[in-house]
Each structure stands twice: as C-alpha cells, then as structure tokens.
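Engineer: Structure in structure tokens, see below.
Each value in this text was obtained by applying a stated rule to the coordinates, not by laboratory testing. Because the structure is predicted, anything quoted here is derived from the model rather than measured. Cβ placement follows ideal geometry from the backbone for every residue including glycine, while neighbour counts extend to all protein chains displayed.
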Amino acid sequence: MLRDDWSGLSYFDRWRDEFDGLHMILGFHTNAYVRDNFSREFASNLVDHDMRVRSAWMKASDDTQPTGVAARVVGVYGSGASSINDHFWGHGSVSPDLRGDAIVGRWAIKRVVDLGGDGGQGALGRPLAKRHVDSRGLARPLESTCRR
C-alpha cells in the first residue's frame with residue numbers, strides 16, 4: 001500500500017487527495033504478515049501506554065513482524081501544525097485537521113524490522129532494539145526523515 005513507487009507514482013502522489021483532513025496513513029512498504037496479536041499490540045500501545053500513533057504502529061510492527069518487513073507512516077503538515085506527534089483521541093495531543101491550501105508539506109517515516117542474528121531475542125527474551133531506516137536506506141532518528 002505504501003511502496004516507494006507503484007506504476008510510476010510515489011506513495012504521496014497516490015494518496016495526496018486523501019489528506020483532506022486525514023492526519024496520517026499507516027501501512028507497509030513491503031508485504032506484512034497477518035498476526036493475531038498485531039492489532040492487539042497496536043491498540044494497547046495507543047490506549048494502555050498513551051503512545052503517539054506513529055510510535056505505536058512502529059512498535060507493533062517491531063514486536064510482531066519478521067525481519068525485513070518495512071512499516072511506513074505518512075502525513076502532512078501546515079503552518080504551525082503537524083500530525084507527526086498525534087496521539088489517539090483522549091490519550092494525548094492531536095493536531096488540527098488540515099485541508100487544501102493549509103497543507104504545505106508532507107512527512108514520512110519508514111522503519112525496517114531488524115531482529116538481529118539471534119532471532120530478535122535478547123538475553124531476557126525481549127526483542128532487541130531495531131534500526132530506524134529512512135526511504136534511502138540510511139539509519140536516522142525518526143524526525144530526520146521529514147521532508148517537504
């Protein structure tokens with residue numbers, strides 16, 4: 001759904017018209033695997049842990065998807081407003097709806113699940129830390145992948 005390129009169009013070009021008040025689209029650059037616990041993990045991250053929407057999606061992906069799966073979140077920003085730090089309603093701050101000319105740019109985060117050589121399990125049986133990988137394959141902090 002959020003592949004870099006599909007039929008010559010970027011994910012921003014394919015989904016541009018949907019951002020008429022929509023804050024962000026959550027999906028995958030690669031194929032993802034249906035796991036019973038993915039939705040549960042995502043919802044728990046949002047509601048039980050009050051995580052930002054983008055962080056909750058990436059953590060659920062990290063915790064339930066195999067190595068090589070690339071999760072992606074895309075959104076828009078305007079003058080003084082961005083959805084990048086939005087929480088689920090009632091669990092933290094939420095940016096205003098942006099429409100039409102109020103949208104001045106867009107942002108995207110892509111992270112590839114990297115479970116490491118031991119199947120992703122650290123000494124305590126917990127997943128190891130994952131890499132943040134931008135669309136060019138460079139390891140970067142989350143916010144550094146924002147672009148206009």
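Engineer: Taking the Cβ of each residue in D62, D48 as the centre, tally the other Cβ atoms inside 10 Å and list the residues starting with the fewest.
Structural biologist: D48, D62
Engineer: Something else now. From the phi of every residue in the range 25-34, what ³J(HN,Hα) in whole Hz does the Karplus formula 6.51 cos²θ - 1.76 cosθ + 1.60 yield, where θ is phi - 60° and glycine or proline is x?
Structural biologist: Whole-Hz 3J(HN,Hα) from phi for the range 25-34: 10, 10, x, 9, 7, 10, 5, 10, 10, 6.
Engineer: Another one. Amide H of T30 versus every other amide H placed in the peptide plane: which residues, excluding those fewer than 5 positions away on the same chain, fall under 5 Å?
Structural biologist: A70
Engineer: Each label point is 7 Å from the Cα along the Cα-to-Cβ direction; what then is the distance between the points at R99 and D20, in nm?
Structural biologist: 0.8 nm
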